[in-house]
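The values are calculated or read from the model by the stated rules, or taken from the named source; none is laboratory data. Computed from a predicted structure; not experimentally measured. Note that we place each Cβ from the backbone using ideal geometry, even for glycine, and neighbour counts take in every protein chain shown.
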Amino acid sequence: MTARLDYTVEEWQTLSQLPVAISLAVIASGKSSPAERVRELTCMVETLEQTRRQPAANELVAAVAMADRERPGNGARLAGTLPSPDLSGSGAELQRQAVEQCRQALAILAVKAAPAEQDGYKRWVLAIGRKVAEAAKEGGFLGIGGVQVSREETETLNAVAAALDLDP
């Protein structure tokens, strides 16, 4: 099992920021209203919090989930409000950045983590993206119609899965 101290500061930053990068790419790729974006962001934060509360089946996942708590501005998260994430980039740009960060994470994990730990981490970050995509309906009018996961969100999740060498 690997621990945080097994990674350089830059490597750890890549691994610990990937769940957020994937989530932001999914959020920006959809056509969510501001209220739906808040729901999606809240889902990301709650999913990280659930991981922190569960027994650690994968030490790397547990360590990354705890690292999120250490980020600046997290006092606001713990108090129940969300910091303002940077969603100013286009969905395509945030997707490109998330995919690149996935590739960097894979390269780091290939050298420093056991295969089971790698697999657990990859599946966990992809699962967070899926939960975020499912957190709010896209499209429709006054809650009628729309889809749970938009085509654009699906495309982002597929690109992330491919970059992580996982099936979508």
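For first residues located in the stretch 1-13 and within 9 Å of Glu59 (Cβ to Cβ), partners that are at pLDDT 90 or above and surrounded by fewer than 15 Cβ atoms within 10 Å (Cβ to Cβ) and lie 6+ apart or on another chain with Cβ distances below 8 Å form the pairs Met1/Ala114; Thr2/Ala114.
May I ask you to list the residues in the stretch 1-20 that are surrounded by fewer than 20 Cβ atoms within 10 Å (Cβ to Cβ) and closer than 27 Å to Lys137 by Cα? Scanning the stretch 1-20 gives a single hit, Gln17.
Within the stretch 1-20, the set of residues being assigned to a helix (DSSP H, G or I) and either under 13 Å from the mean Cα position of the chain (by Cα) or among the β-branched types (Val, Ile, Thr) (or both) comprises Val9, Thr14, Leu15, Ser16, Gln17, Leu18, Pro19, Val20.
Within the stretch 21-46, the set of residues being surrounded by 21 or more Cβ atoms within 10 Å (Cβ to Cβ) and in a helix (DSSP H, G or I) comprises Ala21, Ile22, Ser23, Leu24, Ala25, Val26, Ile27, Ala28, Ser29, Glu40, Leu41, Met44. Within the stretch 42-57, residues that are of a type in the set (Val, Ile, Thr) reach partners that are at pLDDT 90 or above with beta carbons closer than 6 Å, at six or more positions or on different chains, in the pairs Thr47/Ile128; Thr47/Lys131.
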